[in-house]
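Below is one structure, written out as structure tokens; comments come after it.
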2 protein chains.
Amino acid sequence: MSTPLRLGIAGLGTVGAGVIKIVQRHARLLEERGGRPVSISAVSARSRGKDRGVRLDDYAWEDDASVLAVRDDIDVFVELIGGEDGPALAATRAAIAAGKDVITANKAMMALHGQDLAEAAEKAGCVIRFEAAVAGGIPVVKALTEGLAGNEVTRVMGVMNGTCNYILTRMESAGLPYAEVFDEARKLGYLEADPTLDVGGIDAGHKLALLASIAFGTKVDFDAIEIEGIERVTIEDIEHAADMGYKVKLLGVAQMTGRGLEQRMSPCLVPDTSPLGQLENAMNMAVLEGDSVGQIVLRGAGAGEGPTASAVMSDVIDLSRGTRVSTFGRPAAGLIQAKPAGASAPAPYYLRMSLLDRPGALAKVATVLGEAGISIDRMRQYRHAASDAPVLIVTHKTARDALARALEGFAATGVVVGEPVALRIEDV
Amino acid sequence: MSTPLRLGIAGLGTVGAGVIKIVQRHARLLEERGGRPVSISAVSARSRGKDRGVRLDDYAWEDDASVLAVRDDIDVFVELIGGEDGPALAATRAAIAAGKDVITANKAMMALHGQDLAEAAEKAGCVIRFEAAVAGGIPVVKALTEGLAGNEVTRVMGVMNGTCNYILTRMESAGLPYAEVFDEARKLGYLEADPTLDVGGIDAGHKLALLASIAFGTKVDFDAIEIEGIERVTIEDIEHAADMGYKVKLLGVAQMTGRGLEQRMSPCLVPDTSPLGQLENAMNMAVLEGDSVGQIVLRGAGAGEGPTASAVMSDVIDLSRGTRVSTFGRPAAGLIQAKPAGASAPAPYYLRMSLLDRPGALAKVATVLGEAGISIDRMRQYRHAASDAPVLIVTHKTARDALARALEGFAATGVVVGEPVALRIEDV
């Protein structure tokens, strides 16, 4: 029998327990597929006594993940603690310094420290794999790093926070306002302890930053992502967008442009007939575009015990098989620091505003648009409710600064009530 | 600079030319990603003089693929000749005997000779990769072999012949009969020289056989696939299915059951709201289900120069990186010979028949169903046109033998005109 691949697992939450269950349940399958047995030497978590629904008796216990990480009897340090720094980062650094390979599900740590960690790993001759950090069970890191390796990647998009997608699709299906569905999601346990990570687009932004690095050979640059969460998406906009044939999605987009690397995570409109438009509930989707392959769409569960543990095990079997790919698909030292693109590329926009019920009000709005150089694709004015009337406009492709000029201009007309809403319509 | 990975490419059709274009265009990218340059030492095709839109001057020429396959200056034999045996098989065998790794896009050869070739390759210490053989640019072989390696796979499904999907969606969108759209497809160059490979479901069957082997650790068993093509799908059934909320797809399904391995490729109904139901034109889709990951859906172009060459290059970069996975994801000698399941698992069925305009006709049909133990989920009788009326029935889950009894029973009623149509409704 060949030498087993020996894991040390730090973090015994849902995902950690899920990984242990797979190792126990599928020992033979994993050995057949990986060419050697997978074993667990030691585990680590905050509280030893807690029942996690898995048998841990056969594994050594460490209170300190950093001690676990350097044990002689592990080949791979599996980091499932979470958190952008703290014990996860310390233990990962310790593992690399001790020459251990690392598998992690930690998007925050990789998005913020991935470059340093990848360089350290390469110097130490070990690898870091993070399939579970992006879009749960969908093998998107592998698809992009390996499956599309012959392509110049042109664009990467994704709906990569299941909670946000749940909230948005539930708002639409039940006709409920954001605050109400947010509370539902919290009660269902769908939200992180700090919900801003989810609804503020930060968690999805971490994932986008990782995909962008692989796609474009650039250093992970989370800070350069333009992030807007879903907190201000209203049921009115979801319903009006639906009327016009669109769905509202928290969509991440990364593309290399003449102006630099564009990375944004924001509520966008997508056609309701597109795969992204048809993605419901907590599902995730990644859309990868390459110069040879065209468009590849991957869909699956983005979170949860089984899917995330499945992704961890994909990395485990890769290491069993001797597959050793650079962290971001190329040597870390060669990744370039991309210039951020600044403003995003021109796109059609959806505009919604309330107009006072006055003669000439609509003409004023149209004049502002014309003066900003924005042409109108479609426009609808709804019947006046009380004193003001909702107006929807879908523009043709519009530069961001033209849009900003128009939004300023609306305020000066004296006929637009409150803040107009502007949502980008992504060409998917 | 590290040693290049040296390719010998046999077959310079669309895909061969596409591969050469990528190697020429993306030399630097391929070197960065693979950790070593990719070079082409020699090429081979039937006719040397033909203009293929790529520069071949730097490469040695061989008239005989089997001579190319064993050249000292190649590391990898790239087989893009096609055909289940003949020169492709001879050259592949020669390459393996000479210890060369093999990359092939040849689904027919792999479906019929994959087991022998894999065993020979493993004995010789080389690997065979065939990402391009299944679903073109979609990295589905990789997703299943590596991405889902921690899962017990429960079911694999796919729409894997773009021509058939084009024909079926075009029939529906244009309201045209099969024969007319078949002619269109032929004029557009969408059909193989022997169109039965496409519309008879054989090409898609080859792909299903390969995925089933990876999924279940079984020897490829193309002959055990129950295959039915799309030749008998009528515009009436497509339209009636649409009325009932379904699309007709040439769907491949492989699943391991208590009765053995079920593999079938046939026109099925799927809900029009499902990802499979929404797949239009020549696109391909693979649906992979595992015990941990749940359901993963992959969508992309299933054929064409760019997508297929992209898949070949994915295998090339894997070999550049030193990734060496067994042909079917486990050692070939350990693959088991699965017992074919015989009849497929019970499923709901769509039934269409024409009834004579006679009192009691519908009662007779309902009686036959009841006596066969088949219960009715939904039924529609349309207004009589001339002397007979179309009747549509969607059954609850029904065993195949019960269905067969009912179909026999209908014939004996004397009120059913012509052959009833029965299409399986797949639970996707």
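The values are calculated or read from the model by the stated rules, or taken from the named source; none is laboratory data. All values derive from a computational prediction rather than experimental measurement. Cβ sites come from the backbone with ideal geometry, for glycine too, and all protein chains shown count toward neighbours. Each accessible area value is taken on the protein alone, full model and side chains, heavy atoms only, with ligands, DNA and RNA left out. Shrake-Rupley method; radii C 1.70, N 1.55, O 1.52, S 1.80 Å.
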Problem set entry | the protein assembly as shown - share of DSSP beta bridges that are antiparallel (%, nearest 5) | 65 percent
For this session: For region B:250-324, build the convex hull from the C-alpha positions and give me its volume per residue in Å³.
Result: 148 Å³
Seminar exercise, completed: Expressed in nanometres to one decimal, the distance between label points 7 Å along Cα→Cβ at residue A:408 and residue A:72 is 7.0 nm
Exercise. How much of the DSSP beta bridge set in chain B is antiparallel, as a percent to the nearest 5?
Worked result: 65 percent
For this session: Within a 10 angstrom radius of each residue's Cβ in A:296-303, how many Cβ atoms of other chains show up on average? Whole number is fine.
Result: 6
Exercise. Which value at 222 nm does chain B reach when only helices count, each DSSP H run of 4 or more adding -39,500 (n - 2.57), with the total divided by all residues and rounded to the nearest 500 deg cm²/dmol?
Worked result: -10500 deg cm²/dmol
Problem set entry | Sites residue A:337 and residue A:399 - FRET efficiency at Förster radius 35 Å, r taken between beta-carbons, to 0.05 | 0.85
For this session: Under a 10 Å cutoff between Cα atoms, tell me which one of B:301, B:65, B:406 has the largest fluctuation in the Gaussian network model of chain B.
Result: B:406
For this session: Take every Cα pair under 8 Å in region B:140-301 that's 6+ residues apart, average their separations, divide by the length, and report that relative contact order as a whole percent.
Result: 34 percent
Problem set entry | B/A buried area, accessible surface, summed, 1.4 Å probe, Å² | 3800 Å²
Exercise. So who's got an amide H within less than 5 Å of the one on residue B:154, skipping anything under 5 residues away but keeping other chains? H placed 1.01 Å off N, in plane.
Worked result: B:289, B:290, B:291
Exercise. Taking all pairs of different Cα atoms in chain B, averaging 1/r and flipping that mean, what Kirkwood radius in angstroms comes out?
Worked result: 23.0 Å
For this session: Run the dipole for region A:5-133 about the Cα centre, Lys and Arg Cβ at +1, Asp and Glu Cβ at -1, nothing else charged, and hand back the magnitude in debye, nearest 20.
Result: 440 debye
Exercise. Helix A:86-97 sits at what angle to the longest principal axis of chain A, using alpha carbons and giving 0 to 90 degrees rounded to 10?
Worked result: 50 degrees
Seminar exercise, completed: Out of B:196, B:360, B:174 - ranked by how far each Cα lies towards the positive end of the dipole of chain B, with unit charges on the beta-carbon of charged residues - the top one is B:174
Exercise. Which of B:210, B:185, B:144 sits farthest toward the positive end of the charge dipole of region B:140-301, with +1 on the Cβ of Lys and Arg and -1 on the Cβ of Asp and Glu?
Worked result: B:144
Seminar exercise, completed: Per residue, the convex hull enclosing the alpha carbons of region B:140-301 has a volume in Å³ of 114 Å³
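State to the nearest 20 debye the size of the charge dipole of region B:277-428 about its Cα centre, where the only charges are +1 on K and R beta carbons and -1 on D and E beta carbons.
Dipole magnitude for region B:277-428 comes out near 200 debye.
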Exercise. With +1 on each Lys and Arg Cβ and -1 on each Asp and Glu Cβ, how big is the dipole of the protein assembly as shown about its Cα centre, in debye rounded to the nearest 20?
Worked result: 260 debye
Exercise. For helix A:305-321, what angle does its Cα long axis make with the longest principal axis of chain A, in degrees from 0 to 90 and rounded to 10?
Worked result: 50 degrees
Exercise. Kirkwood hydrodynamic radius of region A:1-73 from all distinct Cα pairs, in Å?
Worked result: 12.7 Å
Problem set entry | Normalised contact order of region B:349-425, rounded percent, pairs of Cα under 8 Å and 6 or more residues apart | 50 percent
Problem set entry | Kirkwood hydrodynamic radius of region B:349-425, from inverse mean 1/r over distinct Cα pairs, in Å | 12.2 Å
Seminar exercise, completed: Plugging the Cβ-Cβ distance of residue B:231 and residue B:85 into 1/(1 + (r/R0)^6) at R0 = 30 Å yields, to the nearest 0.05, a FRET efficiency of 0.70
Exercise. In region A:223-332, what percent of the accessible surface is made up of carbon and sulfur (1.4 Å probe, ligands and nucleic acids excluded)?
Worked result: 47 percent
Problem set entry | residue B:25 paired with residue A:186, simple spin-label distance in nm, labels 7 Å along Cα-to-beta-carbon | 5.1 nm
Exercise. Just the Cα atoms of region B:85-207: what Rg and Dmax do they give in Å?
Worked result: 17.5, 54
For this session: Compute the distance in nm between two label points, each set 7 Å from the Cα along the Cα-to-Cβ direction, one at residue A:97 and one at residue B:376.
Result: 7.6 nm
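Would you please report the Å³ per residue occupied by the convex hull of the alpha carbon atoms in region B:5-133? Don't skip to the answer; put the middle values down first.
Values: hull volume 12.5 nm³, N = 129.
So the per-residue Cα hull volume is 97 Å³.
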Seminar exercise, completed: Once the dipole of region A:5-133 is set up from charges on Cβ (+1 Lys and Arg, -1 Asp and Glu), the residue from the list A:30, A:92, A:9 lying farthest towards its positive end is A:30
Seminar exercise, completed: Restricted to pairs 8 or more residues apart or on different chains, the lysines in chain A with C-alpha atoms under 16 Å apart form a number of pairs equal to 8
Exercise. Which number do you get for Rg(Cα) / (2.2 N^0.38 Å) in region A:277-418?
Worked result: 1.65
Exercise. Could you give the radius of gyration (one decimal) and Dmax (whole number) of the Cα atoms in the protein assembly as shown, in Å?
Worked result: 28.5, 86
Seminar exercise, completed: For chain B, longest principal axis from Cα atoms; helix B:202-216 axis from its Cα atoms; angle between them, nearest 10 degrees, is 80 degrees
Problem set entry | Inter-copy spacing of residue A:337 label points, which lie 7 Å from Cα along Cα→Cβ, given in nm from shortest upward | 6.4
Exercise. When only Cα pairs under 8 Å and 6 or more residues apart are kept, what is the percent relative contact order across chain B?
Worked result: 16 percent
For this session: Mind listing the label-point distances from residue A:427 to the same position on all other copies, shortest first, one decimal in nm, points 7 Å along Cα→Cβ?
Result: 4.3
Problem set entry | For region A:300-355, diffusion coefficient by Stokes-Einstein and Kirkwood Rh (Cα), 20 °C, 1.002 mPa s, µm²/s | 131 µm²/s
